[in-house]
Amino acid sequence: MAATQPELILTAVANSPAIHSTQSSEAIDANSRLELAEREATLQLQKAEAVTMAVRTARAELRRLAGLRRAAEAEAAAAAVATVRAEQDAATLRQQKAAGWRPKVGQSVFVPRLGKRAKVVAVDAASGTLTLQAGLIKIQAAPDEVRQQ
């Protein structure tokens, strides 16, 4: 059976180099778009990884700073307690001096720098220095370094 003229034209067009060129350029364009999409996906993945790392670093820094803040708050609270104790100790010392209290041998006194009680074992009459014994420890102290019990 003989091909009709329209069929021959279609065959000629399909076999023409211009059509093959268009098809191959479309394939090249598709490959280029695919490569571009892959590069964009890789870049987005790298950006996401960088953001994740930045978030981790920021969280670690926040934890470190929170720890420093807690330590500073604890230190401030301890300083406030120490200030109150020092003020109380100064008031006690003023009261002792106002009353004219002097420790005597055999008397039990509180030694703030040791945080313990001690017994007066000797008093130097010339200098007023006290010899104190707190357990096995013997120390020398001035009368204003001890508090009445």
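The values are calculated or read from the model by the stated rules, or taken from the named source; none is laboratory data. A quick note: this is a predicted structure, and the numbers were derived from the prediction, not measured. Cβ placement follows ideal geometry from the backbone for every residue including glycine, while neighbour counts extend to all protein chains displayed.
Annotations for the structure displayed:
- Qualifying positions in segment 112-122 - touching a strand residue (DSSP E or B) at 6+ places or on another chain (Cβ under 7 Å) and modelled with pLDDT under 95: Pro112, Leu114, Lys116
- Met1 being modelled with pLDDT of 95 or more and out of contact with any helix residue (DSSP H, G or I) (no Cβ under 6 Å at 6 or more places or on another chain): no
- Condition check for Thr52: assigned to a helix (DSSP H, G or I) and hydroxyl-bearing (Ser, Thr, Tyr): yes
- Within the set Ala58, Ala90, Ala82, the sole residue that is at pLDDT below 95, more than 16 Å from Asp144 (Cα to Cα) and not assigned by TED's automatic domain parsing to the domain that holds Asp144 turns out to be Ala82.
- Unique match (being more than 50 Å from the chain's Cα centre (by Cα) and closer than 15 Å to Arg147 by Cα) among Gly106, Gly115: Gly106
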